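> This is the structure, below, for whatever I ask next.
The values are calculated or read from the model by the stated rules, or taken from the named source; none is laboratory data. In this text the structure is predicted, and so the values were computed from the model without any measurement. Every residue, glycine among them, receives a Cβ derived from its backbone with ideal geometry; neighbour counts consider all protein chains shown. We work out accessible area using only protein heavy atoms, side chains counted, and drop any ligands, DNA or RNA first. Shrake-Rupley method; radii C 1.70, N 1.55, O 1.52, S 1.80 Å.
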Amino acid sequence: IRAAFTWLVHVRYLAGNPWQAVTDPATVKRARKLQTERALSLDLWTRMRASLAERAAISGAEGARWRAARALLLIMGDGGLRIAEATAVERPALAWLPADDETPASWLLEVIGKGMKQRYVPVSDECIEALRAHWRDRGLDFEAADAAGPPGFPLIAPLVVPPTPRARAKFGTESDEALSLSNVPGGYSVRGARGLTQWAIDQLLEVLPELSDAERRKLGRTSPHAFRHTVATQMLASGVALEVVQRTLGHASLSTTSIYVSPEEGRLRREAAKYHARLRQH
């Protein structure tokens with residue numbers, strides 16, 4: 001209502017804004033606006049990465065699917081990409097930067113996020129290894145000079161065209177059977193990437209050793225966006241500055257990023273327990 005009256009005054013439909021006399025109600029500023037508890041623990045995420053690497057070594061069609069899933073999960077879990085960003089990013093957006101004084105050599109990924117805002121996020125060598133393997137499955141040379149040429153080849157793409165009307169229209173084929181994509185441009189849809197993520201998680205629930213009941217529940221509820229939460233919470237837990245995490249995630253406001261500090265409440269409880277224990281000793 002306030003915005004409506006402001007607009008009416010702006011377009012000179014009203015001479016004054018009667019809503020200025022209305023006092024805003026007091027509201028509680030909650031520490032958690034997002035489901036930050038969905039973030040994976042460092043131990044669970046590390047074990048998942050190791051299992052993804054093992055599965056990606058399998059030969060045949062199943063191995064190729066694992067390699068695609070590994071590339072997708074690592075790019076989301078390294079750079080905090082939204083799933084729509086992960087499906088849209090193309091090979092020219094990825095650049096190798098040499099070492100500079102105290103800054104180590106690294107791969108930097110250009111991401112166009114919400115509101116067409118550009119940001120750059122570093123990705124790990126492990127993620128690049130996964131992308132190289134996935135590109136070999138697609139019959140493409142990740143290191144080729146023309147990799148930075150004309151856009152159209154996404155970093156992650158399906159290896160076959162599903163026999164559905166939508167897929168046939170997207171990839172320009174009339175076949176009723178699944179076809180190999182080889183080096184045909186075109187990537188996953190958001191829906192397809194979600195499906196690949198869910199398939200990988202379902203499989204990991206079966207192959208990950210010694211999952212506790214809590215970890216099994218956590219992994220079973222994991223969605224693509226949970227990897228974005230994981231990046232934020234683990235970066236902050238590692239001592240990365242809040243504004244750096246903000247830039248990595250592409251948040252417009254630092255206050256949005258600050259909600260990820262709350263999952264460190266375990267540390268808060270441990271430190272508070274020291275204080276309470278000292279009180280009991282006197």
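> Going residue by residue through the stretch 194-208, is there one that turns out to be more than 20 Å from the chain's Cα centre (by Cα), under 23 Å from HIS225 (Cβ atoms), part of a loop (DSSP other than H, G, I, E, B) and at pLDDT 90 or above?
yes
> Here is a follow-up. Scan the stretch 183-231 residue by residue and report those that are of a type in the set (A, V, I, L, M), in contact (Cβ under 8 Å) with a residue 24 or more places away in the chain and under 29 Å from HIS251 (Cβ atoms).
Applying the first criterion (of a type in the set (A, V, I, L, M)) to the stretch 183-231 yields 184, 190, 193, 196, 200-201, 204-205, 207-208, 211, 214, 219, 226, 231.
Imposing the further condition that a residue be in contact (Cβ under 8 Å) with a residue 24 or more places away in the chain reduces the set to 190, 193, 196, 200, 204, 207-208, 219, 226, 231.
Result: VAL190, ALA193, LEU196, ALA200, LEU204, LEU219, ALA226, VAL231.
> Can I ask one more? From the list SER238, SER212, which residue is under 18 Å from SER51 (Cα atoms), surrounded by fewer than 18 Cβ atoms within 10 Å (Cβ to Cβ), more than 14 Å from the chain's Cα centre (by Cα) and of a type in the set (Ser, Thr, Tyr)?
Details: SER238 fails: under 18 Å from SER51 (Cα atoms).
Criteria check complete, one pass: SER212.
> May I ask you to list the residues in the stretch 59-81 that are in contact with a strand residue (DSSP E or B) (Cβ under 9 Å, 6 or more places away or on another chain) and under 14 Å from THR197 (Cβ atoms)?
Correct list: LEU74, ILE75, LEU81.
> Name the residues in the stretch 219-235 that are out of contact with any Lys or Arg (no Cβ under 8 Å at 6 or more places or on another chain) and surrounded by 17 or more Cβ atoms within 10 Å (Cβ to Cβ), would you? It would help to see each step written out before you state the result.
Kept after step one, since they are out of contact with any Lys or Arg (no Cβ under 8 Å at 6 or more places or on another chain), are these residues of the stretch 219-235: 219-220, 227, 230-235.
Residues satisfying the conditions are LEU219, PHE227, THR230, VAL231, ALA232, THR233, GLN234, MET235.
> Could I ask something else about it? Can you name the residue in the stretch 94-131 that is among the aromatic types (Phe, Trp, Tyr) and open to solvent by 100 Å² or more (accessible area, probe 1.4 Å) and, of all such residues, is farthest from ARG228 (Cα to Cα)? Can you show your working first?
Looking only at the stretch 94-131, we keep the residues that are among the aromatic types (Phe, Trp, Tyr), and these are 96, 107, 120.
When the remaining residues are screened for being open to solvent by 100 Å² or more (accessible area, probe 1.4 Å), the result is 96, 120.
Working: TRP96: 23, TYR120: 15 Å.
Among residues in the stretch 94-131 that are among the aromatic types (Phe, Trp, Tyr) and open to solvent by 100 Å² or more (accessible area, probe 1.4 Å), the one farthest from ARG228 (Cα to Cα) is TRP96.
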